[in-house]
1. Can you compute the radius of gyration and Dmax for the range 1-139, using only the Cα atoms, both in Å?
2. Just by accessible area at a 1.4 angstrom probe, what is the order of T199, T251 from largest to smallest?
3. Rounding to the nearest 20 debye, state how big the charge dipole of the range 1-140 is about its Cα centre with +1 on each Lys and Arg Cβ and -1 on each Asp and Glu Cβ.
4. If you place +1 on the Cβ of every Lys and Arg, -1 on the Cβ of every Asp and Glu, and leave all else neutral, what size is the dipole of the range 141-269 about its Cα centre, to the nearest 20 Debye?
5. Tell me which of A147, S259, V136 sits at the most positive position along the dipole axis of the chain, charges placed on C-beta atoms (Lys, Arg +1; Asp, Glu -1).
6. Applying the Karplus parametrisation 6.51 cos²θ - 1.76 cosθ + 1.60 with θ = phi - 60° to the phi angles of the range 197-212, what ³J(HN,Hα) value in whole Hz is obtained for each residue in order, glycine and proline being reported as x?
7. Which of the peptides 7-17, 173-183 is most tightly packed, and how do the rest follow, going by the mean number of other Cβ atoms within 10 Å of each residue?
8. What whole-number volume per residue, in cubic angstrom, does the convex hull of the C-alpha atoms of the range 137-256 give?
Amino acid sequence: MDETRGRITRDGIRIYEAEDFAGMRAAGRLAAHILDEVAPLVQPGTTTEVLDAFIERRVAELGATSATIGYKGYQHASCISVNHVVCHGIPGPKILKDGDILNIDVTVILDGWYGDTSRMYVAGALNRKAERLIQVTHDALFRGIAAVKPGNTFGDIGHAIQTFVEANRMSVVRDFCGHGLGRVFHAPPNVLHYGRAGTGAVLEEGMFFTIEPMVNLGRPETKVLADDWTAVTRDKSLSAQFEHSVGVTATGCEIFTLSPAGKFHPTWG
Ligand code: MF3
Ligand code: CO
Ligand code: CO
(Lines give C-alpha, C1' and ligand atoms only; values in the text may rest on other atoms or scores of the structure.)
(Ligands and ions follow the chains in the order given, each with its own letter.)
Protein backbone atom coordinates (compact mmCIF):
# COMPACT_ATOMS: atom_id res chain seq x y z
CA MET A 1 0.00 0.00 0.00
CA ASP A 2 1.07 3.61 -0.60
CA GLU A 3 2.38 4.90 2.72
CA THR A 4 4.35 7.72 1.12
CA ARG A 5 1.59 10.32 1.30
CA GLY A 6 0.75 12.19 4.48
CA ARG A 7 3.22 12.66 7.32
CA ILE A 8 4.16 11.39 10.78
CA THR A 9 4.06 13.68 13.84
CA ARG A 10 6.86 13.97 16.43
CA ASP A 11 4.83 11.51 18.51
CA GLY A 12 4.96 8.96 15.67
CA ILE A 13 1.30 9.39 14.71
CA ARG A 14 0.39 9.26 11.01
CA ILE A 15 -1.61 12.16 9.59
CA TYR A 16 -3.89 10.90 6.83
CA GLU A 17 -5.21 12.90 3.89
CA ALA A 18 -8.79 14.04 3.29
CA GLU A 19 -9.29 11.30 0.63
CA ASP A 20 -8.34 8.62 3.15
CA PHE A 21 -11.49 9.22 5.19
CA ALA A 22 -13.54 7.51 2.46
CA GLY A 23 -11.59 4.25 2.85
CA MET A 24 -12.01 4.26 6.64
CA ARG A 25 -15.70 5.11 6.30
CA ALA A 26 -16.32 2.06 4.09
CA ALA A 27 -14.30 -0.32 6.28
CA GLY A 28 -15.83 1.00 9.50
CA ARG A 29 -19.35 0.81 8.16
CA LEU A 30 -18.84 -2.79 7.04
CA ALA A 31 -17.56 -3.86 10.47
CA ALA A 32 -20.49 -2.09 12.14
CA HIS A 33 -22.96 -3.67 9.73
CA ILE A 34 -21.69 -7.15 10.63
CA LEU A 35 -22.18 -6.31 14.32
CA ASP A 36 -25.75 -5.28 13.44
CA GLU A 37 -26.35 -8.57 11.63
CA VAL A 38 -25.12 -10.76 14.47
CA ALA A 39 -27.45 -9.14 17.03
CA PRO A 40 -30.49 -11.41 16.50
CA LEU A 41 -28.27 -14.50 16.83
CA VAL A 42 -27.25 -13.61 20.39
CA GLN A 43 -29.68 -15.76 22.36
CA PRO A 44 -29.53 -18.11 25.35
CA GLY A 45 -28.59 -21.60 24.15
CA THR A 46 -26.28 -20.54 21.34
CA THR A 47 -22.48 -20.68 21.55
CA THR A 48 -19.85 -18.07 20.94
CA GLU A 49 -18.29 -20.22 18.17
CA VAL A 50 -21.60 -20.17 16.29
CA LEU A 51 -21.57 -16.36 16.46
CA ASP A 52 -17.95 -16.27 15.29
CA ALA A 53 -18.63 -18.62 12.37
CA PHE A 54 -21.44 -16.31 11.22
CA ILE A 55 -19.11 -13.30 11.45
CA GLU A 56 -16.32 -15.07 9.55
CA ARG A 57 -18.73 -16.01 6.76
CA ARG A 58 -20.24 -12.50 6.48
CA VAL A 59 -16.82 -10.81 6.39
CA ALA A 60 -15.95 -12.95 3.36
CA GLU A 61 -19.36 -12.61 1.67
CA LEU A 62 -19.17 -8.83 1.94
CA GLY A 63 -15.78 -8.79 0.17
CA ALA A 64 -13.61 -8.02 3.18
CA THR A 65 -10.89 -9.87 5.09
CA SER A 66 -10.69 -10.58 8.81
CA ALA A 67 -7.86 -8.64 10.44
CA THR A 68 -7.77 -10.97 13.44
CA ILE A 69 -7.43 -14.39 11.75
CA GLY A 70 -3.67 -14.99 11.76
CA TYR A 71 -2.95 -11.89 13.85
CA LYS A 72 -0.24 -12.96 16.36
CA GLY A 73 -1.55 -16.51 16.02
CA TYR A 74 -5.19 -15.63 16.78
CA GLN A 75 -7.50 -17.92 14.80
CA HIS A 76 -10.94 -16.28 14.86
CA ALA A 77 -12.84 -13.50 13.09
CA SER A 78 -14.02 -11.99 16.38
CA CYS A 79 -13.26 -11.73 20.06
CA ILE A 80 -16.26 -12.58 22.22
CA SER A 81 -15.91 -11.62 25.87
CA VAL A 82 -18.64 -12.90 28.20
CA ASN A 83 -19.45 -11.47 31.68
CA HIS A 84 -16.18 -11.14 33.65
CA VAL A 85 -14.05 -11.51 30.50
CA VAL A 86 -12.60 -8.05 29.86
CA CYS A 87 -11.44 -8.55 26.26
CA HIS A 88 -9.91 -11.04 23.78
CA GLY A 89 -12.36 -13.80 24.69
CA ILE A 90 -11.84 -16.72 22.28
CA PRO A 91 -15.01 -18.02 20.59
CA GLY A 92 -15.72 -21.61 21.64
CA PRO A 93 -18.35 -24.16 22.68
CA LYS A 94 -19.48 -22.13 25.71
CA ILE A 95 -23.30 -21.99 25.74
CA LEU A 96 -24.80 -18.58 26.49
CA LYS A 97 -27.34 -18.47 29.29
CA ASP A 98 -30.10 -16.02 30.12
CA GLY A 99 -28.69 -12.73 31.39
CA ASP A 100 -25.14 -13.21 30.08
CA ILE A 101 -23.62 -10.00 28.71
CA LEU A 102 -21.00 -10.11 26.00
CA ASN A 103 -18.78 -7.89 23.93
CA ILE A 104 -18.26 -8.83 20.29
CA ASP A 105 -15.23 -7.17 18.67
CA VAL A 106 -14.73 -7.35 14.89
CA THR A 107 -11.94 -5.90 12.77
CA VAL A 108 -12.17 -6.08 8.98
CA ILE A 109 -9.85 -5.03 6.20
CA LEU A 110 -11.55 -3.50 3.16
CA ASP A 111 -9.45 -2.15 0.29
CA GLY A 112 -6.50 -2.07 2.69
CA TRP A 113 -8.31 -0.01 5.34
CA TYR A 114 -9.04 -1.33 8.84
CA GLY A 115 -12.44 -1.02 10.53
CA ASP A 116 -12.37 -1.96 14.23
CA THR A 117 -15.45 -1.84 16.45
CA SER A 118 -17.04 -3.65 19.34
CA ARG A 119 -20.23 -3.41 21.29
CA MET A 120 -22.20 -5.11 24.05
CA TYR A 121 -24.99 -7.66 23.63
CA VAL A 122 -27.20 -9.51 26.09
CA ALA A 123 -28.49 -13.08 25.86
CA GLY A 124 -32.09 -12.96 27.02
CA ALA A 125 -33.00 -10.50 29.76
CA LEU A 126 -30.68 -7.75 30.95
CA ASN A 127 -30.45 -7.45 34.73
CA ARG A 128 -30.24 -4.07 36.45
CA LYS A 129 -26.58 -4.29 37.51
CA ALA A 130 -25.41 -5.28 34.04
CA GLU A 131 -27.61 -2.64 32.43
CA ARG A 132 -26.03 0.08 34.54
CA LEU A 133 -22.51 -1.15 33.69
CA ILE A 134 -23.32 -1.21 29.98
CA GLN A 135 -24.88 2.25 30.06
CA VAL A 136 -21.92 3.79 31.91
CA THR A 137 -19.43 2.13 29.53
CA HIS A 138 -21.33 3.30 26.47
CA ASP A 139 -21.62 6.84 27.78
CA ALA A 140 -17.92 6.82 28.79
CA LEU A 141 -16.96 6.07 25.17
CA PHE A 142 -19.05 9.04 24.02
CA ARG A 143 -17.51 11.30 26.70
CA GLY A 144 -14.16 10.34 25.21
CA ILE A 145 -15.35 10.93 21.64
CA ALA A 146 -16.67 14.37 22.66
CA ALA A 147 -13.10 15.30 23.65
CA VAL A 148 -11.76 14.55 20.15
CA LYS A 149 -10.91 17.76 18.29
CA PRO A 150 -7.73 19.42 17.05
CA GLY A 151 -5.81 21.09 19.86
CA ASN A 152 -7.10 18.78 22.59
CA THR A 153 -4.76 16.07 23.84
CA PHE A 154 -5.01 12.30 24.22
CA GLY A 155 -4.94 12.95 27.98
CA ASP A 156 -8.16 14.91 27.60
CA ILE A 157 -9.83 11.81 26.12
CA GLY A 158 -8.61 9.57 28.94
CA HIS A 159 -9.54 12.12 31.57
CA ALA A 160 -13.08 12.50 30.22
CA ILE A 161 -13.58 8.71 30.33
CA GLN A 162 -11.97 8.10 33.73
CA THR A 163 -13.74 10.90 35.60
CA PHE A 164 -17.13 9.82 34.25
CA VAL A 165 -16.60 6.13 35.07
CA GLU A 166 -15.26 6.80 38.58
CA ALA A 167 -18.08 9.28 39.32
CA ASN A 168 -20.33 6.27 38.73
CA ARG A 169 -18.28 4.15 41.19
CA MET A 170 -16.95 1.81 38.51
CA SER A 171 -13.35 1.34 37.36
CA VAL A 172 -11.42 1.82 34.11
CA VAL A 173 -9.18 -1.05 32.97
CA ARG A 174 -5.56 0.13 32.63
CA ASP A 175 -4.04 -2.98 31.03
CA PHE A 176 -5.52 -2.49 27.53
CA CYS A 177 -5.91 0.64 25.44
CA GLY A 178 -7.11 2.03 22.13
CA HIS A 179 -4.70 2.48 19.23
CA GLY A 180 -3.96 4.27 16.02
CA LEU A 181 -5.14 2.42 12.90
CA GLY A 182 -5.64 3.09 9.20
CA ARG A 183 -3.81 0.93 6.67
CA VAL A 184 -2.46 -0.97 9.70
CA PHE A 185 -4.26 -2.62 12.63
CA HIS A 186 -2.30 -1.26 15.58
CA ALA A 187 -0.20 1.90 15.29
CA PRO A 188 0.85 4.74 17.63
CA PRO A 189 -0.47 6.20 19.79
CA ASN A 190 -1.68 4.08 22.70
CA VAL A 191 -5.04 5.66 23.46
CA LEU A 192 -5.36 5.42 27.25
CA HIS A 193 -8.83 5.44 28.82
CA TYR A 194 -7.57 7.25 31.93
CA GLY A 195 -5.25 10.18 32.47
CA ARG A 196 -4.83 13.85 33.13
CA ALA A 197 -6.29 16.68 31.08
CA GLY A 198 -3.77 18.51 28.92
CA THR A 199 -1.20 15.68 28.90
CA GLY A 200 -0.03 13.51 26.02
CA ALA A 201 0.15 14.11 22.28
CA VAL A 202 -1.90 16.91 20.74
CA LEU A 203 -4.72 15.82 18.42
CA GLU A 204 -4.46 16.91 14.79
CA GLU A 205 -6.84 16.70 11.86
CA GLY A 206 -6.19 13.48 9.93
CA MET A 207 -5.35 11.23 12.90
CA PHE A 208 -7.22 7.89 12.87
CA PHE A 209 -7.54 5.86 16.09
CA THR A 210 -9.85 3.75 18.22
CA ILE A 211 -11.36 4.55 21.59
CA GLU A 212 -12.40 1.34 23.35
CA PRO A 213 -12.84 1.71 27.11
CA MET A 214 -13.21 -1.41 29.24
CA VAL A 215 -15.09 -0.74 32.50
CA ASN A 216 -15.39 -3.08 35.50
CA LEU A 217 -18.07 -3.11 38.19
CA GLY A 218 -15.33 -3.98 40.68
CA ARG A 219 -11.60 -3.38 40.69
CA PRO A 220 -9.63 -2.50 37.53
CA GLU A 221 -7.03 -5.31 37.66
CA THR A 222 -7.05 -8.00 34.99
CA LYS A 223 -5.21 -11.24 34.32
CA VAL A 224 -4.67 -13.21 31.14
CA LEU A 225 -5.65 -16.90 31.23
CA ALA A 226 -3.38 -19.79 30.20
CA ASP A 227 -4.70 -19.60 26.61
CA ASP A 228 -2.57 -16.40 26.37
CA TRP A 229 -5.54 -14.34 25.11
CA THR A 230 -8.54 -14.28 27.44
CA ALA A 231 -8.29 -11.33 29.83
CA VAL A 232 -10.55 -11.50 32.90
CA THR A 233 -11.19 -9.30 35.92
CA ARG A 234 -9.07 -10.51 38.85
CA ASP A 235 -11.99 -10.01 41.24
CA LYS A 236 -14.41 -11.80 38.84
CA SER A 237 -16.58 -8.66 38.61
CA LEU A 238 -18.56 -7.96 35.43
CA SER A 239 -16.82 -6.02 32.67
CA ALA A 240 -18.09 -4.16 29.59
CA GLN A 241 -16.55 -2.49 26.54
CA PHE A 242 -17.56 -0.44 23.50
CA GLU A 243 -15.23 0.52 20.65
CA HIS A 244 -15.40 3.00 17.79
CA SER A 245 -12.83 3.89 15.13
CA VAL A 246 -12.68 7.68 14.60
CA GLY A 247 -10.90 10.24 12.44
CA VAL A 248 -10.07 13.75 13.62
CA THR A 249 -11.71 16.47 11.48
CA ALA A 250 -11.20 20.25 11.52
CA THR A 251 -13.91 20.72 14.15
CA GLY A 252 -14.18 17.38 15.99
CA CYS A 253 -14.26 13.86 14.67
CA GLU A 254 -15.98 11.48 12.31
CA ILE A 255 -17.05 8.12 13.77
CA PHE A 256 -16.30 5.53 11.08
CA THR A 257 -18.04 2.62 12.83
CA LEU A 258 -21.54 3.98 13.54
CA SER A 259 -24.22 1.28 13.35
CA PRO A 260 -26.02 1.59 9.99
CA ALA A 261 -29.14 0.15 11.70
CA GLY A 262 -28.89 2.26 14.86
CA LYS A 263 -28.24 -0.85 16.99
CA PHE A 264 -24.99 0.10 18.74
CA HIS A 265 -26.52 -0.25 22.23
CA PRO A 266 -28.14 -3.57 23.24
CA THR A 267 -31.40 -1.90 24.23
CA TRP A 268 -31.69 -0.02 20.91
CA GLY A 269 -33.02 -1.06 17.48
N1 MF3 B 1 -10.01 -5.82 17.86
C2 MF3 B 1 -9.12 -5.79 19.00
C3 MF3 B 1 -8.82 -4.33 19.25
O4 MF3 B 1 -9.76 -3.60 19.51
C5 MF3 B 1 -7.88 -6.58 18.79
C6 MF3 B 1 -8.12 -8.03 18.70
S7 MF3 B 1 -6.66 -8.81 18.34
C8 MF3 B 1 -7.08 -10.44 18.42
O9 MF3 B 1 -7.74 -3.84 19.11
F10 MF3 B 1 -6.08 -11.06 17.92
F11 MF3 B 1 -7.34 -10.75 19.67
F12 MF3 B 1 -8.16 -10.63 17.71
CO1 CO C 1 -9.19 -1.77 18.69
CO1 CO D 1 -11.48 -4.11 18.42
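The values are calculated or read from the model by the stated rules, or taken from the named source; none is laboratory data. It should be emphasised that the depicted structure is a prediction, and the values quoted were computed from it without experimental measurement. Quick reminder, even Gly has a Cβ in these numbers, built from the backbone with ideal geometry, and neighbours come from all protein chains shown. Quick note on the areas: whole protein, heavy atoms, side chains included, nothing else; ligands and nucleic acids left out. Shrake-Rupley method; radii C 1.70, N 1.55, O 1.52, S 1.80 Å.
1. Expressed in Å, the Cα Rg and Dmax of the range 1-139 come to 16.8, 51.
2. Descending order: T251, T199.
3. Working: 15 positive and 19 negative charges, 83 e Å.
Rounded to the nearest 20 debye, it is 400 debye.
4. Details: 11 positive and 12 negative charges, 61 e Å.
Approximately 300 debye in magnitude.
5. Of the candidates, V136 comes out farthest on the positive side.
6. Those phi angles translate into 4, x, 9, x, 5, 7, 6, 10, 3, x, 7, 10, 7, 9, 10, 8 Hz.
7. The packing order, highest mean first, is 173-183, 7-17.
8. Numbers: hull volume 11.6 nm³, N = 120.
For the range 137-256, the hull spanned by Cα atoms encloses 97 Å³ per residue.
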